[in-house]
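Visitor: The structure is given below, and queries will be raised subsequently.
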Amino acid sequence: MALEIRQNLKLSQQLIITPQLQQSIKLLQLSRLELLEMVRGEILENPVLEEEVESEEIKPQEIKAQEFTDNENAPEKKVDHESQEVMTVQEGEIKEPNDFDWDNYINTYSSPERISSASETEESPTYENTLSGKASLSDHLLWQLHLSDFSEEEEEIGSLLIGSINEDGYLQDPLEEIAEKAKVPLEKVEAVLGRIQRFDPPGVGARDLKECLLLQIRFCGEEHQALEDLISHHLPELERKDFKKIAKEMHLEINEVLRLAKLLHELDPKPGRPYSQSSAEYITPDVQVCKVGDEWVVVLNEDGLPKLQVSSFYRNMIKKPDSGGKAKEYIQGKLKSALWLIRSIHQRQRTLYKVVKTIVKFQKDFFEKGVEHLKPMILRDVAEEVSMHESTISRVTTNKYVHTPRGIFELKYFFNNGVLNPDGDSVASEVIKNKIHQLISQENVKSPYSDQDLVGLLKENNINIARRTIAKYREMLGILSSSKRRQLF
């Protein structure tokens, strides 16, 4: 066997994603708040990046001198055709009252006999100490625990039990685990739990729905025994609203069963809900669509978003002939990173503008007339219009919101499949969901529409879909079935 060395040329293509390209792709799918957080972090880490100052502070004595009498020196209006925003420089003048007694003011302020205010003589509370918040369920229960006549050991067990109660007011961990943590017998844990279950709100500390309801009817007087029997043995029938079966098994009149069911309906299945700390989530739209005359205009929301620029100090530093070594290499790397970030942000904003502009073009009837006129649209429709890949459109529309005269919508809302009607036209799925919601909101609560009834009603509106499709859309809207929507009282 002979060994030999050869040289071969091979031509091949490889897809290599550079770190800069990865950053650019990542920026596309960031929401506005995430982008703001990322930009703030880059400003802190990269000394070459700095925030552009839009206007410098002008001293009061210099304002009068800024009078533009010559047209050549007058400020030009800058028009951004994409955002339709007009920026002008306006004159201002600060004046003080002619009759203001400065001598009296200075003498009074500097007088040693001046009475000091409380804020100067006493230490003011910090800002954090002036804030007040809503008490949580855990805080409310611990407050009652410490006011009750518990021993030190029982207080420790009670603290473990309260720590295991979730926001809805239910006990999550098994009593055996709590007894093992506290290193006490199970009977002692059950005894402490029984006392905690008498705390406010009624029903707190229950292990399931049945126990929660039983705890709340302890003070119902004469109705207690009947309600206890109803909860203990007939909850499944109550859920199905099979009142005839309940009346037969309890040997009661159906009107009496309806009266008891009405009493149960007034109980709270989640007693900890009033103490919930959950708050509403506020959305900051990334873009706004408004009508100017007869045209719909797209305006990007850049309020609070820093305008980045490269520091002139570092830019001039690397231009000096005597600069070199590791310092220059470090600055050049940071400079390249800063330029790429600025370019990527601009590219993101341009892409977002193009995509929203195309959405407005396709869904003009929605903006003009409402949800009923929303058209079927997929990612490919927008991708072909703006000459981009579908994955890019998907990233741009992820976690982005648009403010319109009809409300705030996620950009993904405008992308939905269509269902063919008998005329051959396509109806958007969101239009069908909206129609189902309207029909159910107008139904007779004592005789609600079944899914099959909705099929017929939609056919009258020229929408032909199957019953299982209606059931799927109804579940997506969070609407119960007709048997569970029925109300008899």
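Visitor: Give me the number: length gained by fully extending residue 438 to residue 167, i.e. 0.36 nm times residue separation minus the C-alpha to C-alpha distance, one decimal in nm.
Guide: Extra length available between residue 438 and residue 167 comes to 94.3 nm.
Visitor: Among 460-472, 169-181, what's the highest-first ranking by average C-beta atoms within 10 angstrom per residue?
Guide: Peptide ranking by packing, descending: 169-181, 460-472.
Visitor: Would you please report the Å³ per residue occupied by the convex hull of the alpha carbon atoms in the stretch 139-275?
Guide: It is 116 Å³ per residue.
Visitor: Now for a separate question. Arrange the following residues from fewest to most other Cβ atoms within 10 Å of their Cβ: 217, 479.
Guide: With the sparsest Cβ surroundings first, the list reads 479, 217.
Visitor: Further, regarding this structure: Could you line up 358, 398 from fewest to most neighbouring Cβ atoms inside 10 Å?
Guide: Going from sparsest to densest Cβ surroundings: 398, 358.
Visitor: Here is a further query. Any idea what diffusion coefficient the stretch 194-339 gets from Stokes-Einstein, in µm²/s, Kirkwood Rh on alpha carbon pairs, 4 °C, 1.567 mPa s?
Guide: Roughly 57 µm²/s, to the nearest whole number.
Visitor: Can you pull the Rg over Rh of the stretch 421-485, Cα-only, Kirkwood?
Guide: Using only Cα positions, Rg/Rh for the stretch 421-485 is 0.95.
Visitor: Shifting gears a bit: Suppose each label sits 7 Å from its Cα in the direction of the beta carbon; what would the residue 339-residue 258 distance come out to in nanometres?
Guide: Using points 7 Å along Cα→Cβ, the separation is 8.1 nm.
Visitor: Wrap a convex hull around the Cα atoms of the stretch 287-414, take a quarter of its surface area, and give that in square nanometres.
Guide: For the stretch 287-414, averaging the hull's shadow over all directions gives 10.7 nm².
Visitor: Still on this structure: What is the list of residues in the stretch 135-158 whose amide nitrogen lies under 17 Å from a point 7 angstrom out from the Cα of residue 218, following Cα to Cβ?
Guide: 141-142, 144-150, 158
Visitor: How large is the convex hull of the C-alpha atoms of the stretch 142-200 per residue, in Å³?
Guide: Enclosed volume per residue, from the Cα hull, is 74 Å³.
Visitor: Please label the shape of the stretch 175-241 as rounded, prolate or oblate, based on the square roots a ≥ b ≥ c of the eigenvalues of the alpha-carbon gyration tensor (a/c under 1.5 means rounded; beyond that, a/b larger than b/c means prolate, else oblate).
Guide: prolate
Visitor: How big, on average over all directions, is the shadow cast by the Cα convex hull of the stretch 349-388, in nm²?
Guide: Averaging across all directions leaves 2.8 nm² for the Cα convex hull.
Visitor: Once fully extended, how much extra length lies between residue 276 and residue 447, figured as 0.36 nm per residue of separation less the alpha-carbon to alpha-carbon distance?
Guide: 58.1 nm
Visitor: Taking the Cα-to-Cβ direction at residue 225 and at residue 481 and moving 7 Å from each Cα, how far apart do the two end points lie in nm?
Guide: Inter-label distance under the simple model: 3.6 nm.
Visitor: Mind scanning 210/244; 291/433; 364/484; 364/472; 307/433; 412/446 and naming the pairs with a C-alpha gap bigger than 32 Å?
Guide: 364/484; 307/433; 412/446
No lab work stands behind these numbers, since they all come straight from the coordinates. Computed from a predicted structure; not experimentally measured. Counting neighbours? That spans all protein chains shown, and the Cβs are built from the backbone with ideal geometry, glycine included.
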